[in-house]
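Participant: Below you will find the structure I want to go over with you.
Read-outs throughout are calculated quantities, based only on the coordinates presented, and are distinct from any laboratory measurement. The shown structure was predicted, so the numbers you read here are calculated from the model rather than taken from an experiment. With ideal geometry, Cβ positions are generated from the backbone for all residues, glycine too; neighbour counts draw on all protein chains shown.
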Amino acid sequence: MSGDTIFGKIIRREIPADIVFENEKVLAFRDVNPQAPVHVLVIPKQPVRDLNGADREMMGDLLDGVQKVAELEGLSKEGFRVVTNVGTNAGQTVFHLHLHVLGGRSFRWPPG
Ligand code: 5GP
């Protein structure tokens, strides 16, 4: 589990967010500092710090959320990137597990 974060406040509607999709298990909302024309964060409602704390059920719920966001945002066919940063080396800044769904432009590989 993780302590409270800005994403916990978004889940509880204590601060606003541009919500794209929600179900019982996950919330998807637009990143406040988008790195692509589409940049949506898909998060579990249960506060887990990062991928190390997730289990298969949670990842399945997040996958459902990613697929739904891709469909809603028209990315399923043209392609998109999914990223999750874990800890210091990856540059994680919010310690509530989140998958970045990025689309609407092409991306380079390897990432920086
Ligand atoms: P990380 O660096 O942890 O992988 O990603 C955290 C992301 O959360 C960043 O892309 C950042 O722009 C986004 N973010 C941080 N605070 C907020 C906020 O209050 N609202 C929204 N919508 N996004 C946020």
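Participant: If one takes the longest principal axis of the Cα atoms in the chain, at what angle in degrees, from 0 to 90 and to the nearest 10, does the Cα axis of helix 56-72 lie?
Facilitator: Taking the Cα atoms of the chain, the angle to 56-72 is about 40 degrees.
Participant: With θ set to phi - 60°, apply the Karplus curve 6.51 cos²θ - 1.76 cosθ + 1.60 along the range 37-47 and write out the HN-Hα couplings as whole Hz, x wherever there is a Gly or Pro.
Facilitator: x, 10, 9, 10, 9, 10, 10, x, 6, 6, x
Participant: Net charge near K45: determine it from the other residues with C-beta under 11 Å of the C-beta of K45, scoring Lys and Arg +1 and Asp and Glu -1. List each step's numbers first, then the result.
Facilitator: Numbers: positive: R12, K25; negative: E22, E24, D61.
Neighbourhood net charge equals -1.
Participant: Now a separate question. Please name whichever of P111, P44, P34 sits farthest to the positive end of the charge dipole of the chain, dipole taken about the Cα centre and charges placed at Cβ: Lys and Arg +1, Asp and Glu -1.
Facilitator: P111
Participant: Another question, if that's okay. Determine ³J(HN,Hα), in whole Hz, for all residues of the range 24-36 in sequence, where each value follows from phi through the Karplus function 6.51 cos²θ - 1.76 cosθ + 1.60 and θ = phi - 60°; x replaces Gly and Pro.
Facilitator: Listing the rounded values in order: 4, 9, 10, 10, 10, 8, 6, 5, 5, 10, x, 9, 7 Hz.
Participant: Follow-up. Suppose only helical runs count, i.e. DSSP H with n ≥ 4. What mean residue ellipticity at 222 nm does that imply for the chain under -39500 (n - 2.57) per run, divided by all residues and rounded to the nearest 500 deg cm²/dmol?
Facilitator: Details: 3 runs with 27 residues, N = 112.
Mean residue ellipticity at 222 nm (helix-derived): -7000 deg cm²/dmol.
Participant: Now for a separate question. Out of residues 5 or more away from V26 or on other chains, whose amide H comes under 5 Å of its own, with H placed 1.01 Å from N in the peptide plane?
Facilitator: Hits under the 5 Å cutoff: K45.
Participant: Using each residue's phi in the range 96-106, evaluate 6.51 cos²θ - 1.76 cosθ + 1.60 at θ = phi - 60° and report the 3J(HN,Hα) Karplus result to the nearest Hz, with x for Gly and Pro.
Facilitator: After applying 6.51 cos²θ - 1.76 cosθ + 1.60, I find 9, 2, 8, 9, 7, 10, 10, x, x, 8, 8 Hz.
Participant: Among residues other than P16 whose Cβ falls under 13 Å from its Cβ, what is the net charge (Lys/Arg +1, Asp/Glu -1)? If you can, show how the numbers build up before the last one.
Facilitator: On the way: positive: K9, R12, R13, R30; negative: E14, D18.
Around P16, the surrounding residues sum to +2.
Participant: How would you rank I11, I43, going from fewest to most other Cβ atoms within 10 Å of each one's own Cβ?
Facilitator: Arranged by neighbour count, lowest to highest, I11, I43 become I11, I43.
Participant: Using a cut-off of 11 Å between beta-carbons, work out the net charge of the residues near K25 (Lys and Arg +1, Asp and Glu -1, K25 not included). It would help to have the intermediate numbers written out before the result.
Facilitator: Details: positive: K45; negative: E22, E24, E57, D61, D64.
For residues surrounding K25, the net value is -4.
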